[in-house]
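The values are calculated or read from the model by the stated rules, or taken from the named source; none is laboratory data. The structure presented is a predicted model; accordingly, all values stated were derived computationally and were not measured. All Cβ positions, even for glycine, are placed from backbone atoms using ideal geometry, and neighbour counts span all protein chains on display.
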Amino acid sequence: MSTAPETTPEDTLQLLQQAARIAQIGYCVYDIGSEVYISVSEQYAQIFGCTADQFMASFRALEEDMALVHSEDREELAQAYDNAYESRETLDIEYRIVRTDGCIRYVHEISEYIYDDAGTPVRELCTLQDITERRLADEKIRSYAARFEKWKESNFIGVIHSNAEGKILDANTALLAMLGYSQQDLLENCIDWTRLTPPEFLHLDKQAMEEAAVRGSWTPFEKEYFHKEGHRVPIAIGGSVLSEDTREYIVFVVDLSERKKAEEALRKYDHIVSNSSDLLALMDRNFVYETVNTAYLEQFNLELEQLIGHTPSEVFGDQIFKTVIEPKAKRCLEGDVVRFRNWIRLPGRGKRFMDIVYSPYYDLEGTIQGIVVGQRDVTEQYELEEELLTARKLESIGLLAGGIAHDFNNVLAGLFGNIELAQRKLQPEHEAYANIQTAGQALKKASGMTQQLLTFAKGGDPIIEATDVAQVIQDSVQFSLSGSNVTTVINLPDDLWQVRADQGQLSQVLTNLTVNADHAMPNGGTLTIEARNVGATDSQMAPFLSGDFIELSIRDEGIGISAEHIGKIFDPYFTTKQTGSGLGLASVHSIIAKHSGRISVDSTLGSSTTFTLQLPAETSSTQCADEVTSNTTTNANSASGRILVMDDDEMIRDLSVSLLQSFGYATDTAVNGEEALEKYSAASKVGEPFDLVIMDLTIPGGLGGRDTAERLLAADPEARAIVSSGYSTDPVMAHYSDYGFKGRLVKPFRIAELEKEVARVMEAL
């Protein structure tokens, strides 16, 4: 009699390993005392996406192993371990893991404890199986079951569940209503669905059964059913085998009498929708696209299959879906008609401003089944509205700017002149010299702010001339970024046209934009400036301009502008800076508008900002004649001549007299134009004529410089006059020679400016 060979622990382990390989189950042995794994099978490690050696090297301890458990399941698994340990029961649990490659899988774990002779747990034997496919299959089954119930109770389609003999096992409400039967009629009276079919259609039913036996379903076809009251109902019928074992069928029935009416209405509706320029789409309650029109596809450059069956999150990204689409879509599903506007980036067209409407889509019972989406591109309308709004804001400020600037510049002129006179009389080492110098710098800053304010003055005109924009860019940017950690990249074509612009104001625009870019990049970055010529024939992208123009873009890599602020950046006095007047970008907008140009901005928060300028081009090289080209200076000791100063401000008159006399000129004064004309005529009669008249442009309640000059030249065509005003953007100041003046002085003027301009005009005698 033979005896079985003795089984050793090693033999048992080998058998366990072999069984685990056959069943595709991983196992491991964990030492409870040292809290480390003693043995891990290759199948166990492979479930986690690594080899046994890699697992033992990286996840040897239990706490390290827990890192592979999905974060949402760790607490439940840890509690299960504790319960099994305390109750000495087998642990049987399903949970999720995150493999080393990041993939999430479902696993089934069964763990038992091995005890020593004292009954103390010393080892834990764990088996692990990947059950992901099973779980997914279960979810699909549940999903299919839910869909089946939904389909069965549809308001539009009749559903029959029958066996191979045609006995109706179940039918939905729609079918009962369609044929006039009750559940009792069909189920308790055992009506055969083939008995519902007129004889001439029975051969089609037979063909359908034969086709289903081969393919599992049959191609839908049209036929008729008998209504309970005897009349016929035209239908379309389709179906498939529900169970191969019992040869049960699921049959779908559609009443074609209503469908044909609906199809005709739909055909007309589809024609309207398909030919609409508005973007139209239909989403279901789960935000899945069901249909879209041609305009929608064309605008987003998508194919139909890229939209139908997909959500906006899949098509346009999760961020815009979560922040913009989903909140408004949920409101719509609650019954609200939601109207809003938003910037949307269209392929090949950039960011466009869209007028969007979400309307609830109701079924025949009044239940909301989805969302009708309507979108219209209103970018041009929006930009025109914004331009008009900004223009109105600037115009309202312009009503005040002229008078304020004139009066304030008169005050500044007096302060400037007297401070400079005082500074000339002091030695640099005098204790008050530094204070006077600081005061002068403060006044200069105040003067700059006044000049910005004058940008908005109604009627203020730039001095238009052919301007080399490339040179202005080089000079302005280089000066503005002196000492900055910003790198500049300037890409300008060699054949870049000139622009028709006021060189000083264009420089102010570029300086403001460059300084803004510098402030937006405190840690450094790249400022890219590019320009191109745009001919009249290819300027459709700028319908606000006509003829040739230059397009200039200034792009930084800074913090960007938020959507909340981007619509306000050109508003006067709007600023997000701790320091600053808020006039910089408003001045830029006003200057560009007065140059018959256009400015726009595109920004991505945290990434970059691009300002785009479009200015009329000057394709010829003609220069403006109204330039002060003389660099002549005069020596105060050699200056001579008689000058009449006309100004309503006593401080300006006294200061001008003091300065002119210090240059060597004889002077007299007049408060207004009437007095100036009288004194000019009287001096000529006695043989002591005035060589020059300096006239204030604006005299409240009296004859100002423009009218005075006109009368003076009518009486003496050889008379010479200089116009002076704090309203530097007045058309007379911009084109002084057109009004008979030989020069101009912009208040507040400096001593050197007064001396130079007077000398230039006097030497022309």
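See the values below:
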{"item": "Whichever residue in region 183-219 is touching a residue at least 24 places away in the same chain (Cβ under 8 Å) and in a strand (DSSP E or B) and, among such residues, is nearest to residue 162 (Cα to Cα)", "result": "192"}
{"item": "The listed residue being outside any helix (DSSP H, G or I), hydroxyl-bearing (Ser, Thr, Tyr) and either crowded, with 23+ Cβ neighbours inside 10 Å or at pLDDT below 90 (or both), out of 729, 708", "result": "729"}
{"item": "Hits in region 166-198 (condition: within 17 Å of residue 234 (Cβ to Cβ) and modelled with pLDDT of 85 or more)", "result": "174, 175, 177, 178, 179, 180, 196, 197, 198"}
{"item": "Residue 702, sole failed condition from (1) within 16 Å of residue 648 (Cα to Cα); (2) in contact with a Lys or Arg (Cβ under 9 Å, 6 or more places away or on another chain); (3) assigned to a loop (DSSP other than H, G, I, E, B)", "result": "(2)"}
{"item": "Hits in region 482-506 - residues which are small (Gly, Ala, Ser) and surrounded by fewer than 20 Cβ atoms within 10 Å (Cβ to Cβ)", "result": "482, 483, 484, 504"}
{"item": "Total residues in region 65-90, condition under 23 Å from residue 132 (Cα atoms) and part of a helix (DSSP H, G or I)", "result": "10"}
{"item": "Pick from region 290-309, criterion of a type outside the set (S, T, N, Q) and in contact with a strand residue (DSSP E or B) (Cβ under 6 Å, 6 or more places away or on another chain), ranking: farthest from residue 266 (Cα to Cα)", "result": "307"}
{"item": "The one condition in (1) exposed (fewer than 15 other Cβ atoms within 10 Å of the Cβ); (2) outside any loop (DSSP other than H, G, I, E, B); (3) modelled with pLDDT under 90 that residue 118 fails to fulfil", "result": "(2)"}
{"item": "Matching residues in region 44-98 - criterion: being under 45 Å from the mean Cα position of the chain (by Cα) and touching a residue at least 60 places away in the same chain (Cβ under 8 Å)", "result": "47"}
{"item": "Residue within region 672-685 that is among the polar types (S, T, N, Q), in a loop (DSSP other than H, G, I, E, B) and free of Cβ contacts under 8 Å to residues at least 60 places away in the same chain present", "result": "yes"}
{"item": "Failed item, numbered, when residue 735 is tested on (1) under 17 Å from residue 669 (Cβ atoms); (2) in contact (Cβ under 8 Å) with a residue 40 or more places away in the chain", "result": "(1)"}
{"item": "Scan of region 449-496 for residues that are modelled with pLDDT of 85 or more and assigned to a loop (DSSP other than H, G, I, E, B), ordered by number", "result": "468, 485, 492, 493, 494, 495, 496"}
{"item": "Output for region 162-215, where each listed residue is under 60 Å from the mean Cα position of the chain (by Cα), closer than 12 Å to residue 226 by Cβ and surrounded by fewer than 12 Cβ atoms within 10 Å (Cβ to Cβ)", "result": "none"}
{"item": "Checking residue 158 against (1) without any contact (Cβ under 8 Å) to a residue 60 or more places away in the chain; (2) touching a strand residue (DSSP E or B) at 6+ places or on another chain (Cβ under 9 Å), the condition it does not meet", "result": "(1)"}
{"item": "Candidates 499, 515 - the one that is touching a strand residue (DSSP E or B) at 6+ places or on another chain (Cβ under 8 Å), at pLDDT 70 or above and closer than 30 Å to residue 617 by Cα", "result": "499"}
{"item": "Answer from 703, 697, 713 - the residue that is of a type in the set (A, V, I, L, M), touching a Gly at 6+ places or on another chain (Cβ under 8 Å) and crowded, with 24+ Cβ neighbours inside 10 Å", "result": "697"}
{"item": "Failed item, numbered, when residue 150 is tested on (1) of a type in the set (Lys, Arg); (2) without any contact (Cβ under 8 Å) to a residue 24 or more places away in the chain; (3) not in a helix (DSSP H, G or I)", "result": "(3)"}
{"item": "Residue in region 335-355 that is more than 27 Å from residue 381 (Cα to Cα) and not aromatic (Phe, Trp, Tyr) present", "result": "yes"}
{"item": "Extreme residue, modelled with the lowest pLDDT, among residues of region 334-344 that are surrounded by 12 or more Cβ atoms within 10 Å (Cβ to Cβ) and among the aliphatic types (A, V, I, L, M)", "result": "344"}
{"item": "Residues of region 518-538 satisfying the condition of being part of a loop (DSSP other than H, G, I, E, B) and either without any contact (Cβ under 8 Å) to a residue 12 or more places away in the chain or of a type in the set (A, V, I, L, M) (or both)", "result": "521, 522"}
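Residue-by-condition table, conditions (1) in the same structural domain as residue 724 (by TED's automatic domain parsing); (2) modelled with pLDDT of 75 or more; (3) in a helix (DSSP H, G or I):
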{"position": "579", "(1), (2), (3)": "no, no, no"}
{"position": "593", "(1), (2), (3)": "no, yes, yes"}
{"position": "599", "(1), (2), (3)": "no, yes, no"}
{"position": "603", "(1), (2), (3)": "no, yes, no"}
{"position": "610", "(1), (2), (3)": "no, yes, no"}
{"position": "628", "(1), (2), (3)": "no, no, no"}
{"position": "633", "(1), (2), (3)": "no, no, no"}
{"position": "660", "(1), (2), (3)": "yes, yes, yes"}
{"position": "667", "(1), (2), (3)": "yes, yes, no"}
